[in-house]
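Colleague: Sharing a structure with you now.
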Amino acid sequence: MKILLVGGGGREHALAWKILQSPLCKHLICAPGNAGIAEIADCVNIAADDIESLISFVQNESINFVIVGPEAPLALGLVDRLNALGILCFGPTEKAAMLETSKAFTKDFCTRHNIPTARYDVFTELADAKAYLGEMQAPYVLKADGLAAGKGVVIAETREIAESELNEFFSGKFGEAGSCVVIEEFMHGHEISFFALADGNIVMPLIEAQDHKRAFDGDKGPNTGGMGAYSPVPDFDQTTVELIMETILEPTVRGMAQEGAPFIGVFFAGLMMTNEGPKLIEYNARFGDPECQVLMRRLRTDFLPLLIAASKGELDKAPQPQWSFNPVANVVMAANGYPGAYEKDTPIKGVDAANLMEGVQVFHAGTKRTDDGQLVAAGGRVLNITADGSTIEQAITRAYTAIDQAIDWPDGFCRRDIAKQAL
Ligand code: AMP
Ligand code: GLY
């Protein structure tokens, strides 16, 4: 099978690493990939959101199967275009991807299908939005409807702050995405990410992961794409999985099919574990990054047959995935200054040495090679240092030992407390 994997982050490096272990994979090409992916697969210099070039490439290269990593090409209808050409593809259509691209759609969908989520309302007028604050209690949760690169959510401690934030939403702080605003009740509880594959009708649970959204230790600093992850999450048991499947994921896949937008791909459910049970915070319609990296390291069985079965609507015939009981931690190394301004092209050494250390596997994110072969940083999040161990403590120790003793990148930083809460 000739496969095109779209994307170029740590998520895609981990997917490529896993897919290449499958006997079904004859040739893997990644667009655009990164320096780490280029060591194991072919890369083609097409951006993940360049739909026309991706479509031409797929046709010219006779690609049999396309796997879409990030959300941008989903939102731009890449899957719809591939479906029209009859090319097998893993990922939701533009309409099904609205579960990620429109928070208002998702909240209304939850109401229509009785899926537990925070009480909310949707506003397109500033005055109405401000008036609704009077019906809610602090802290106030304000969300731009559309994609806002993970920055479209504001938790305002006081009504005054909430009102001033609303002024900014409606005066274009998030562009179009902010002209429609969801205001919702603040949920108390522990936040967790849960993943499941869907084939349009059937949904198959994968596993949970814990991410670390804030830039600095102790959950301080600005929100980022994710500074680390680990799995399994202590106390997350089979009963919880069944509850999440019954109350959230199964009604979602049924509801999307009923509404004429069957969901094929991966559900990345952001959940709040509240006293009243799990509630949906948000959906993403793709794997999480850096969560995917820990999932791929824990997966012991071939992943490709599952992706193919989901894409063909045949998950009922697919083998159940088997997961390692060994915990995995992933520590993200980012360029100094991330998520703000940062320098590019700073040299990185020691990745090969890290990969030789027991239990360690480095996945690249924003990296590239210069003409003379030097590995350099090419983005904000740059390396994922993953490690497994017989305990989470051992996994954490291995990851940080690799960072401290092998990786030589003076212009990068990482959080020092990834997965510490699992101890
Ligand atoms: P989202 O982009 O919807 O996942 O929101 C970003 C983050 O804001 C979430 O990961 C939560 O930490 C927080 N958050 C969002 N909605 C709520 C809510 N209703 N109650 C409490 N925290 C929330
Ligand atoms: N780690 C969060 C995300 O992939 O959106």
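The values are calculated or read from the model by the stated rules, or taken from the named source; none is laboratory data. Fair warning: this is a prediction, and the values are worked out from it, not measured in the lab. Because the Cβ atoms are built from the backbone with ideal geometry, glycine has one as well, and the counts that use them run over all protein chains shown. Accessible surface is based on the protein model in full, side chains and every heavy atom, while ligands, DNA and RNA are left aside. Shrake-Rupley method; radii C 1.70, N 1.55, O 1.52, S 1.80 Å.
Colleague: On the basis of being in contact (Cβ under 8 Å) with a residue 60 or more places away in the chain and outside any helix (DSSP H, G or I), does Q421 make the cut? Lay out the reasoning, then the answer.
Modeller: Working: in contact (Cβ under 8 Å) with a residue 60 or more places away in the chain: yes; outside any helix (DSSP H, G or I): no.
No; evaluated as a whole, the condition is false for this residue.
Colleague: Identify, by number, the condition in (1) hydrophobic (A, V, I, L, M, F, W, C); (2) in contact with a helix residue (DSSP H, G or I) (Cβ under 7 Å, 6 or more places away or on another chain); (3) under 22 Å from P339 (Cα atoms); (4) part of a strand (DSSP E or B) that I155 doesn't meet.
Modeller: Evaluating I155 over (1) hydrophobic (A, V, I, L, M, F, W, C); (2) in contact with a helix residue (DSSP H, G or I) (Cβ under 7 Å, 6 or more places away or on another chain); (3) under 22 Å from P339 (Cα atoms); (4) part of a strand (DSSP E or B) leaves (2) as the failure.
Colleague: In segment 215-235, how many residues are open to solvent by 30 Å² or more (accessible area, probe 1.4 Å) and in contact (Cβ under 8 Å) with a residue 40 or more places away in the chain?
Modeller: 8
Colleague: Taking the stated definitions as given, is Q374 without any contact (Cβ under 8 Å) to a residue 40 or more places away in the chain, touching a strand residue (DSSP E or B) at 6+ places or on another chain (Cβ under 7 Å), open to solvent by less than 70 Å² (accessible area, probe 1.4 Å) and on the phi < 0 side of the Ramachandran plot? Quick ask: steps written out before the conclusion?
Modeller: On the way: without any contact (Cβ under 8 Å) to a residue 40 or more places away in the chain: yes; touching a strand residue (DSSP E or B) at 6+ places or on another chain (Cβ under 7 Å): yes; open to solvent by less than 70 Å² (accessible area, probe 1.4 Å): yes; on the phi < 0 side of the Ramachandran plot: yes.
Here the answer is yes, as Q374 does meet what is asked.
Colleague: Sticking with this structure for a sec: In segment 224-266, which residues are in contact with a Leu (Cβ under 7 Å, 6 or more places away or on another chain) and in a helix (DSSP H, G or I)?
Modeller: I244, I248
Colleague: Out of curiosity, is I202 open to solvent by 20 Å² or more (accessible area, probe 1.4 Å) and either more than 16 Å from the chain's Cα centre (by Cα) or on the phi < 0 side of the Ramachandran plot (or both)? It would help to see each step written out before you state the result.
Modeller: Working: open to solvent by 20 Å² or more (accessible area, probe 1.4 Å): yes; either more than 16 Å from the chain's Cα centre (by Cα) or on the phi < 0 side of the Ramachandran plot (or both): yes.
The answer is yes for I202.
Colleague: Continuing with the same structure: Scan segment 262-277 for residues that are more than 18 Å from I202 (Cβ to Cβ), surrounded by fewer than 24 Cβ atoms within 10 Å (Cβ to Cβ) and either over 13 Å from the mean Cα position of the chain (by Cα) or among the aromatic types (F, W, Y) (or both) and jot them down.
Modeller: Step one: list which residues in segment 262-277 are more than 18 Å from I202 (Cβ to Cβ), which gives 270-277.
Right, trim to surrounded by fewer than 24 Cβ atoms within 10 Å (Cβ to Cβ) and you get 270, 272-277.
Across segment 262-277, the qualifying residues are M272, M273, T274, N275, E276, G277.
Colleague: Against the conditions (1) touching a strand residue (DSSP E or B) at 6+ places or on another chain (Cβ under 9 Å); (2) over 18 Å from A14 (Cβ atoms); (3) open to solvent by 40 Å² or more (accessible area, probe 1.4 Å), where does R381 fall short? Just the number, please.
Modeller: Among (1) touching a strand residue (DSSP E or B) at 6+ places or on another chain (Cβ under 9 Å); (2) over 18 Å from A14 (Cβ atoms); (3) open to solvent by 40 Å² or more (accessible area, probe 1.4 Å), the lone unmet condition for R381 is (2).
Colleague: Could I ask something else about it? L197 passes all but one of (1) on the phi > 0 side of the Ramachandran plot; (2) surrounded by 20 or more Cβ atoms within 10 Å (Cβ to Cβ); which number fails?
Modeller: Tallying (1) on the phi > 0 side of the Ramachandran plot; (2) surrounded by 20 or more Cβ atoms within 10 Å (Cβ to Cβ), L197 fails exactly one: (1).
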